[in-house]
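Here's the structure, in structure tokens; my notes come after.
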Amino acid sequence: MEKSIAELRETFKTGGTKSISWRKSQLKALLQLINQNEDSIFKALDQDLGKSPVESYRDEVGVLKKSVTYTLSCLEKWVAPKKAEVPLLFFPAKAEVMPQPLGVVLIFSSWNFPFTLALDPLIGAISAGNTVLLKPSDLAPACMSFLVETIPKYLDNKAVKVLAGGADIGERLLQLKWDKIFFTGSPRVGRLVMAAAAKHLTPVTLELGGKSPAIVDTLSTTPSKAKVTAKRIVGGKWGPCTGQACIAIDYVLVEEKLASTLIELLKKTIKRFYGENIKSLKNISRIVNKHQFQRLVNLLKDPDVADSIVYGGSVDEEKLVIEPTILLDPPLDSEIMSEEIFGPLLPIITLKNVEESIDFINSKSNPLVIYAFTEDETFKKRILSETSSGTVTFNDSMVQFLCDSLPFGGVGQSGFGRYHGKYSFDTFSHEKSILHRGFYPEIEPRYPPWTDFKLLFLKLAYQFDYFGLILLLLGFKRS
Amino acid sequence: MLMENKAENKAVFDAESAKEVVKELRDSFVTGKTKSHRWRVTQLKAMLKMLDENEPQIVAALRDDLSKPEFESSLYEIQILKNSCRLALKEMNHWMMPEKAKTSLTTFPSSAEIVSEPLGVVLVISAWNYPFLLSLDPVVGAISAGNAIVLKPSEMAPASSSLIAKLVADYLDSSCIKVVEGAVPETSALLEQKWDKILYTGNGRVARIVMAAAAKHLTPVVLELGGKSPVIVDSNINLKVATRRIIAGKWGCNNGQACISPDYIITTKDYATKLVDSFKCELERFYGKDPLESKDLSRIVNSNHFDRLSKLMDEEKVSSKIVHGGQRNEKNLQIAPTIFLDVPVNSLIMKEEIFGPLLPIITVDKVEQSFDLIHSSGGKPLAAYLFTNNKKLKRKFVETVSAGGLVVNDTAVHLAIHSLPFGGVGESGMGSYHGKFSFDAFSHKKAVLYRGFAGDAFLRYPPYTPGKLTLLQALLSGSIVGIIRALLGWFWA
């Protein structure tokens, strides 16, 4: 392991990864990797998570292709230094900010979107000119093996390495010195990563999770809007990896008088999308492993929680499947309402008035996303200014992930740092300030021995009070 | 609980007290007070007033703590702070506005923006060498971004620390901005609490402690540290101007006790003598024949640092390399500007950040070799400087030297340019501030996507069919031609 990292460091030192042509060739090679291996990727995702090709394309392959293409088209622009304004006082001078690679970076990815969460940060790291060690999650073993075997066939082995393994490998990697660590996962492990990074003063980006709520206020508008709302909620809960996604809708907030309407719409939509019951379940992923399966089943063990199930609830331990399940008002202090669910269970919490959603959300830690289905502009403004989350999406779910111009990241317990689009490039770069000055003219008052005149001169200069300076120099101002 | 210690008549600030302080600030923050534009403006105006009305007291405190010349106090602490306040007041409206973000065909119809919001309750821990600037400049950023703040000034500048505590209590809103004075126990108590951001200015050792404490609460940090900022001096330059600018950045900045002070010089063997002679000439012009008598030099902050610097000077094989200066006065904690020529590269003075009035000059055969020397010297510094007229050398410097900030043909002044982010990389730190970067450092940039109900792409949803897959491929590619073709294919299928 240490040898691999030493090689990455050597490679970085040679400066090869800094060249734009190297970066472009790597990105193109990555695109080729994806294009030429789609079927294998679909197969691996089906094996690890039961994802169908359409879901795999929508959430992984397509997203990655889009990301590489966008990066390739913008790379030269991003790499170019940006001019910065210099006050007249320093004339003649030129100031700019130049992005530079950080060096050797470590990327930890998660099991639920094993390709996107591994390769999207990789795209950012390469575009910024770094050498990279990628450590995919062993909880998605087929995908991890695919990455370990296939990346060396397409990318520069001396600069991009993939390491297989579990938590022990992760721990060993964290003992070493990196120039940046990018971590996607749970807050618990996020703390460990940051604590390890602190020993080397390594900057980190932590993409964590939380309980992302969906506020529903559009059921009493038109029937078609209500239908679309239901579709988007279902699509935002069970669509991504059967709820095992950091941006999946965790729970729903709705006014109690509209709860039954919502539940009916959801039931209809679920049946249409995924089948009538657990035996005929289709178009949906499964739970990743026994451990997660057991965790989710345990959330339903609490009798008060079990009583609140209004749809679904059946499980198939052998196939690691839990059918889409809706709960109505489980106890607020139950585990299902205090931890991130990360699975196909959807609690619906009813409120007297939908505006109470704001206080409800604020009573929990900052989520990664807040979804709000509403057409009330005042309510929208209140949600924006009175809650805090990584992102807010109005009237839809999940699609914010596809916006390359929006930063993707959390706040508070949902993490810090961000990526996607140019933000990926930035997160793996150091923005170096550069100031060019000439030898002339000289500002004499900078130098000792200091006098009152010099002090006044510089005070005026610092305030950019050019007129005052002229007066001073002409003798019209007294010190 | 605050326990009255009768013997010292001082309350003990422990973890409980820290918890109470944070709770009070969090309660204030939750009311939304600090988010209001008006609150931010009144606080910044109050700070300006505070600086205007207390300049003599601030200068006196800095003289007590550091023997800092009035000139430096007035300019590098007060003026720069005032400029920060003024800039924030002028630009804040603009900074607070949401930033529109482009959306693509993929999510059509939609609109997107990025909204800045305060992080919440933040902790600023500052250093002793520019006690006012490094305490209050981050506070300006935190206020402009709408946060509640605890400031912990350095106990190694005690007169400044207590003046800051008094002035902040007198002029700013104590329900939202508090100063906690103290040393290691008080800082530890503060670090145990959950903050929404911590900005720390200081050294690498303590920075690791700060970041480890922050990790427990997943608190993001900005660490403004230091390093050995090198100066490469080429030949064929205006030697007089270069020398003066190096002196201004070294001894003119708190007598070398500044994070961006030139730490050591690299020049060619041929040029070294000229350079040393130029230094001797200008140093005498600036500080007189006996620099220990000059009123224009700060003293060493305390006896610990005096001893540390003395050790660097007295190391065998180093002390014999002194070519100028070397005078000391232990009682007054003074060390004169001292220049060394060709100390061993593995000496202590070349291993750690000097942070004092000692300037080693290392010579190389060819000026291009400077880069290898810098890269082999360990951590990335906060700043790096080059004096040259050679375009190629400038380009190589700018492209290959990794540091927080670079300046060609001057030293330290980039600090005053608000459009440049000020921060380190690697061992010299992470994150940046100054100007709008201060506002950004204390803000969360929330992504907001607005969607309507029209245009619901049915192909997002199950049942998943191969036809949908083709269509999806086209939609995600964002290519309108691709989309039309796919749609046509769909209809004609």
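The values are calculated or read from the model by the stated rules, or taken from the named source; none is laboratory data. In this text the structure is predicted, and so the values were computed from the model without any measurement. Methodologically, a virtual Cβ is constructed for each residue, glycine included, from the backbone with ideal geometry; neighbour enumeration extends over all protein chains shown.
Annotations
- Flag for residue B:77 being crowded, with 23+ Cβ neighbours inside 10 Å and on the phi < 0 side of the Ramachandran plot: yes
- Flag if residue A:14 is away from chain B (no Cβ under 11 Å), polar (S, T, N, Q) and crowded, with 19+ Cβ neighbours inside 10 Å: no
- Positions within the stretch B:348-370 being surrounded by fewer than 19 Cβ atoms within 10 Å (Cβ to Cβ) and farther than 20 Å from residue B:304 by Cα, in sequence order: B:363, B:364, B:365, B:366, B:368, B:369
- In the stretch B:244-255 there is at least one residue that is surrounded by fewer than 24 Cβ atoms within 10 Å (Cβ to Cβ), outside any helix (DSSP H, G or I) and either within 14 Å of chain A (Cβ to nearest Cβ) or of a type in the set (Phe, Trp, Tyr) (or both).
- Boolean, residue A:397 is more than 9 Å from chain B (Cβ to nearest Cβ), buried (at least 24 other Cβ atoms within 10 Å of the Cβ) and in a loop (DSSP other than H, G, I, E, B): yes
- Restricting the stretch B:427-451 to residues that are closer than 30 Å to residue B:109 by Cβ and within 7 Å of chain A (Cβ to nearest Cβ), the residue that is nearest to the chain's Cα centre (by Cα): B:444
- Hits in the stretch A:427-452 - residues which are modelled with pLDDT under 90 and either at positive phi or more than 7 Å from chain B (Cβ to nearest Cβ) (or both): A:440, A:441, A:443, A:444, A:445, A:451, A:452
- Candidates B:362, B:339, B:354, B:349, filtered to the one that is assigned to a helix (DSSP H, G or I) and closer than 30 Å to residue B:130 by Cβ: B:349
- Residue B:265 touching a residue at least 40 places away in the same chain (Cβ under 8 Å), touching a helix residue (DSSP H, G or I) at 6+ places or on another chain (Cβ under 9 Å) and under 19 Å from residue A:447 (Cα atoms): no
- Counting only strands (runs of 3 or more DSSP E) that sit completely within the stretch A:320-383, those holding 1 or more residues that are more than 26 Å from residue A:207 (Cα to Cα) and hydroxyl-bearing (Ser, Thr, Tyr) correspond to A:325-328, A:345-351.
- Of all residues in the stretch A:272-289 being out of contact with any Gly (no Cβ under 7 Å at 6 or more places or on another chain) and in a loop (DSSP other than H, G, I, E, B), the one that is farthest from the other protein chains (Cβ to nearest Cβ): A:289
- Filtered residues of the stretch B:282-307 (kept if assigned to a helix (DSSP H, G or I) and without any contact (Cβ under 8 Å) to a residue 24 or more places away in the chain): B:284, B:285, B:293, B:304, B:307
- Enumeration of residues in the stretch B:407-421 that are more than 7 Å from chain A (Cβ to nearest Cβ) and either under 21 Å from residue A:428 (Cβ atoms) or in a loop (DSSP other than H, G, I, E, B) (or both): B:411, B:412, B:418
- Among residues of the stretch B:463-476 that are closer than 16 Å to residue A:282 by Cβ, those with a beta-carbon under 8 Å from a residue that is not β-branched (Val, Ile, Thr) and not in a helix (DSSP H, G or I) at least six positions away or on a different chain give the pairs B:463/A:282; B:463/A:283; B:464/A:52; B:464/A:283.
- Count of residues meeting criterion [under 17 Å from residue A:337 (Cβ atoms) and surrounded by 15 or more Cβ atoms within 10 Å (Cβ to Cβ)] in the stretch A:292-312: 10
- Any chance residue B:278 is crowded, with 24+ Cβ neighbours inside 10 Å, polar (S, T, N, Q) and touching a residue at least 12 places away in the same chain (Cβ under 8 Å): no
- Helices (runs of 4 or more DSSP H) (entirely within the stretch A:88-200) containing at least 2 residues that are crowded, with 22+ Cβ neighbours inside 10 Å: A:116-127, A:141-154, A:187-200
- For residue A:219, the test of being touching a helix residue (DSSP H, G or I) at 6+ places or on another chain (Cβ under 8 Å), among the hydrophobic types (A, V, I, L, M, F, W, C) and modelled with pLDDT under 95 is passed.
- Taken as a whole, the condition of being more than 7 Å from chain B (Cβ to nearest Cβ), more than 21 Å from residue A:236 (Cβ to Cβ) and touching a residue at least 12 places away in the same chain (Cβ under 8 Å) applies to residue A:424.
- Within the set B:160, B:154, the sole residue that is assigned by the TED database to the domain that holds residue B:76, closer than 18 Å to residue B:49 by Cα and either polar (S, T, N, Q) or in a loop (DSSP other than H, G, I, E, B) (or both) turns out to be B:160.
- Residue match in the stretch A:385-393 (condition: out of contact with any Pro (no Cβ under 8 Å at 6 or more places or on another chain), surrounded by fewer than 23 Cβ atoms within 10 Å (Cβ to Cβ), at pLDDT 95 or above and more than 10 Å from every other protein chain (Cβ to nearest Cβ)): no
- Every listed requirement among (1) within 30 Å of residue B:32 (Cα to Cα); (2) within 12 Å of chain A (Cβ to nearest Cβ); (3) over 22 Å from the mean Cα position of the chain (by Cα) is met by residue B:50 save one, (2).
One line per residue, one yes/no per condition, for (1) over 30 Å from residue B:452 (Cα atoms); (2) within 14 Å of chain A (Cβ to nearest Cβ); (3) under 25 Å from the mean Cα position of the chain (by Cα):
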| position | (1), (2), (3) |
| --- | --- |
| B:11 | yes, no, no |
| B:21 | yes, no, no |
| B:41 | yes, no, yes |
| B:46 | yes, no, yes |
| B:54 | yes, no, yes |
| B:79 | yes, yes, yes |
| B:98 | no, yes, no |
| B:105 | no, yes, no |
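- Within the stretch B:174-193, residues that are without any contact (Cβ under 8 Å) to a residue 12 or more places away in the chain have Cβ atoms under 9 Å from residues that are of a type in the set (Ser, Thr, Tyr) in no pair, counting only partners at least 6 apart in sequence or on another chain.
- Residue that is surrounded by the fewest Cβ atoms within 10 Å (Cβ to Cβ) [pool: residues in the stretch A:426-442 that are closer than 30 Å to residue B:236 by Cβ and in contact with a helix residue (DSSP H, G or I) (Cβ under 7 Å, 6 or more places away or on another chain)]: A:442
- Taken over the stretch A:405-420, the criterion of being buried (at least 22 other Cβ atoms within 10 Å of the Cβ), in a loop (DSSP other than H, G, I, E, B) and in contact (Cβ under 8 Å) with a residue 60 or more places away in the chain is satisfied by A:409, A:410, A:418, A:420.
- Residues in the stretch A:240-249 include at least one that is within 30 Å of residue B:212 (Cβ to Cβ), assigned to a loop (DSSP other than H, G, I, E, B) and more than 13 Å from every other protein chain (Cβ to nearest Cβ).
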